[in-house]
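All remarks here apply to the structure that follows.
The values are calculated or read from the model by the stated rules, or taken from the named source; none is laboratory data. Remember, it's a predicted structure, so these values are computed and weren't measured experimentally. Glycine also receives a Cβ, built like all others from the backbone with ideal geometry; neighbour counts cover every protein chain displayed.
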Amino acid sequence: MFHFSNFVRTEGDPKIVEGGPSLKRPADQLARALGWFSIGLGLVEFLAPRRVTETLGMEGHETMVRAFGVREILAGIMSLSVDKNAGLWARVGGDGLDAAALLSGLTPDNPKKGNIALALLMVGGIAMLDYRAAQDTKPRRPPRDARRKLYPNRSGFPKGIENARTAAKQIAAHPKA
Amino acid sequence: MKALVWHGKEDIRCDTVTDPEIQDPRDAIIKVTSCAICGSDLHLFHNFIPGMMPGDIMGHETMGEVVEVGSGIDGKLKKGDRIVVPFTIICGECDQCKRGNFSVCETTNRKRHLADKVFGHTTAGLFGYTHLTGGYPGGQAEYLRVPYADATHIKVPAGIPDEQLLFLSDIFPTGWQAAVQCDIEPTDTVAIWGCGPVGQMAIRSAILLGANQVIAIDCLPERLSMAEAGGATTINFETESVLERLKELTDGKGPEKCIDCVGMESHVMASLPDTLLDRAKQMVMAESDRPHVLREMIYVCRPGGVISVAGVYSGLSDMLPMGAFMNKGLTMRTGQTHVNRWTDDLLRRIEEGEIDPSFVITHTVPLEQGPEMYQVFRDKRDSCVKVVLRP
């Protein structure tokens, strides 16, 4: 990748010779993949809901599929942002909604119930990945009640604050001519 | 040489890169002795400011020793000189530089066509701060090419440690300018949003400029304790109402002067619905900035007061209460820092022991640990306030 970036460097500017290690974790890569998957699936659901309902034998539910598509796109965008953990938890919740909707279509008279079973399996697998990624990308901020170092002695005024205040008052009282 | 290189969102690596070369007679090369991670580097880390490209070297708070000079430096710098590098690259010759408006130098942005389009007019070139401001390699590296080096430097004496001088490059003059822009009067209350490194410098600057009362607003105990140590009364916005406390502390009048040291990534909290909406809009690129602090300042500032914006904003901010701003007769002053306008005075204050900016440093690590420190600083782990890197 850095070989490509070197092409666009201004002539004479430093170019990468050897790339250092990335601190990106596998979970970050997984979150990214799930984010793009979410956007892709969302676009299909939003743009072609009829194809989806026909495949699942759930005709008449196009509005719901389209709404699910919007949800997928938003969760995908969030999963690709710096708030990816929230996006991934949104996806986990969405997986539950997907499963519930699919189960509602798993009726004995549905000729496509095989497709629904397959879709349920896929949702289950993706849900496991979503859950794993959400667990592994928890923000590493210290909890609010964590013990923190305080800096009560760092005034920045070597001669003391009062000295700084007094000097400022003197300058205000006797401004330069 | 080693350098901290931007590879994408939340992906900064310590790479080996080719050494910088003299490209122009006015260039100099310095061997970096100290550099720092700035709060505004986090906007790039999060990729909130457009115009970064993989391979860009980070960093705009740098100092070091001159090891090579171009033929056009004309005696203003020589090998062995110790300099702090201002984050704004200046020519010293254009109309804006002559007026002291160094951060809007008309010459140094080598990709001015981008800035002309985005901002209407170009601003100065900046080190390690997107291609909108020239795409110049930054100073979180072992060596740095300083363009227009005959003007873009602050010569500093031997005998004062790097830690006391390094912040002349950015955060000290930035905090200072934020306070100076307020025209502080001896009776004024100055309220400062954000107690990060620039906020801490603004607090000390407001004290040095004679403010009657300085109020600092943040939610992190370590930063609030440092603000108190510097003479501020503090408000923790997670546990107290900023509006009510400011009213209490100013007899209901509101602070005369308000300083924004937060910028485009204000804290998102469920109890502040506008911050949630901003974050959602920012995520779908319907808004680039989260201007909660600007809204709050306009609302609480005493009529006729001044709002000074030191925090970085990158593009578009929604729902600013312009009605209140106009009807209260407020004045807003903003801008990247005209570093060299202030540094003679600030260096004198450091030399005379009036202030020691090193108080803000909480972590000093080798350059190689830089990528990890970006995460520590971003996550506020280990009570981190300011990171200095040693190449």
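Observations
- Residue match in segment A:126-133 (condition: free of Cβ contacts under 8 Å to residues at least 12 places away in the same chain and loosely packed, with under 13 Cβ neighbours inside 10 Å): yes
- Residues in segment A:141-151 that are of a type in the set (Lys, Arg) and loosely packed, with under 12 Cβ neighbours inside 10 Å: A:Arg141, A:Arg144, A:Arg147.
- Residue list for segment A:105-125, filter: in contact (Cβ under 8 Å) with a residue 40 or more places away in the chain, surrounded by fewer than 16 Cβ atoms within 10 Å (Cβ to Cβ) and among the polar types (S, T, N, Q): A:Asn110
- First in segment B:74-86 and free of Cβ contacts under 8 Å to residues at least 24 places away in the same chain, second anywhere and surrounded by fewer than 21 Cβ atoms within 10 Å (Cβ to Cβ) and not in a loop (DSSP other than H, G, I, E, B), Cβ under 8 Å, 6 or more apart: B:Lys79/B:Val67; B:Lys79/B:Glu68; B:Gly80/B:Glu65
- A:Arg154 meets the conditions (1) buried (at least 20 other Cβ atoms within 10 Å of the Cβ); (2) part of a helix (DSSP H, G or I) in every case but one. The failed one is (2).
- Hits in segment B:128-145 (condition: assigned to a loop (DSSP other than H, G, I, E, B) and either crowded, with 24+ Cβ neighbours inside 10 Å or within 12 Å of another protein chain (Cβ to nearest Cβ) (or both)): B:Gly128, B:Tyr129, B:Gly134, B:Gly135, B:Pro137, B:Gly138, B:Gly139, B:Gln140, B:Glu142
- Test: B:Pro303 is more than 14 Å from every other protein chain (Cβ to nearest Cβ), more than 25 Å from B:His121 (Cβ to Cβ) and in contact with a Lys or Arg (Cβ under 6 Å, 6 or more places away or on another chain): yes
- Answer from A:Pro14, A:Pro21, A:Pro49 - the residue that is more than 14 Å from chain B (Cβ to nearest Cβ) and either touching a residue at least 60 places away in the same chain (Cβ under 8 Å) or not charged (D, E, K, R) (or both): A:Pro49
- Looking only at segment B:48-92, and only at residues there that are polar (S, T, N, Q) and within 27 Å of the chain's Cα centre (by Cα), the one that is farthest from B:Cys105 (Cα to Cα): B:Thr62
- For the condition over 22 Å from B:Gly329 (Cα atoms), of a type in the set (S, T, N, Q) and modelled with pLDDT of 95 or more, B:Ser288 does not qualify.
- Taken together, the residues in segment B:170-184 that are in contact with a His (Cβ under 7 Å, 6 or more places away or on another chain) and under 15 Å from B:Gly39 (Cβ atoms) amount to 1.
- Considering the conditions (1) closer than 30 Å to B:Asp74 by Cβ; (2) in contact (Cβ under 8 Å) with a residue 24 or more places away in the chain, B:Ile184 is excluded by exactly one of them, (1).
- So B:Cys97, is it under 25 Å from B:Phe167 (Cβ atoms), in the same structural domain as B:Ser358 (by TED's automatic domain parsing) and out of contact with any helix residue (DSSP H, G or I) (no Cβ under 8 Å at 6 or more places or on another chain): yes
- The sole residue among B:Gln164, B:Gln177, B:Gln181 that is in the same structural domain as B:Thr362 (by TED's automatic domain parsing) and either touching a Pro at 6+ places or on another chain (Cβ under 8 Å) or more than 16 Å from B:Asp356 (Cα to Cα) (or both) is B:Gln164.
- Some residue of segment B:312-328 being among the hydrophobic types (A, V, I, L, M, F, W, C), assigned by TED's automatic domain parsing to the domain that holds B:Ala216 and buried (at least 21 other Cβ atoms within 10 Å of the Cβ): yes
- For B:Gly305, the criteria (1) out of contact with any helix residue (DSSP H, G or I) (no Cβ under 8 Å at 6 or more places or on another chain); (2) touching a residue at least 60 places away in the same chain (Cβ under 8 Å); (3) not basic (Lys, Arg) hold in every case but one, which is (2).
- The numbered conditions (1) within 13 Å of chain B (Cβ to nearest Cβ); (2) surrounded by 15 or more Cβ atoms within 10 Å (Cβ to Cβ); (3) assigned to a helix (DSSP H, G or I) are all true for A:Arg66 except (1).
- Hits in segment A:1-33 - residues which are surrounded by 15 or more Cβ atoms within 10 Å (Cβ to Cβ) and charged (D, E, K, R): A:Arg9, A:Asp13, A:Lys15, A:Lys24, A:Asp28, A:Arg32
- Residues that are under 27 Å from B:Lys117 (Cβ atoms) and either more than 14 Å from every other protein chain (Cβ to nearest Cβ) or outside any loop (DSSP other than H, G, I, E, B) (or both), drawn from segment B:27-78: B:Cys38, B:Gly39, B:Ser40, B:Asp41, B:Leu42, B:His43, B:Leu44, B:Phe45, B:Pro50, B:Asp56, B:Ile57, B:His60
- Residues within segment B:189-208 that are within 11 Å of another protein chain (Cβ to nearest Cβ) and either within 13 Å of B:Pro255 (Cα to Cα) or crowded, with 24+ Cβ neighbours inside 10 Å (or both), tallied: 8
- The residues on offer are A:Pro142, A:Pro152, and the sole one that is free of Cβ contacts under 8 Å to residues at least 40 places away in the same chain, facing another protein chain (nearest Cβ under 7 Å) and within 27 Å of A:Met78 (Cα to Cα) is A:Pro142.
- Count of segment B:344-391 residues which are within 20 Å of B:Ile259 (Cβ to Cβ), within 18 Å of the chain's Cα centre (by Cα) and more than 8 Å from chain A (Cβ to nearest Cβ): 2
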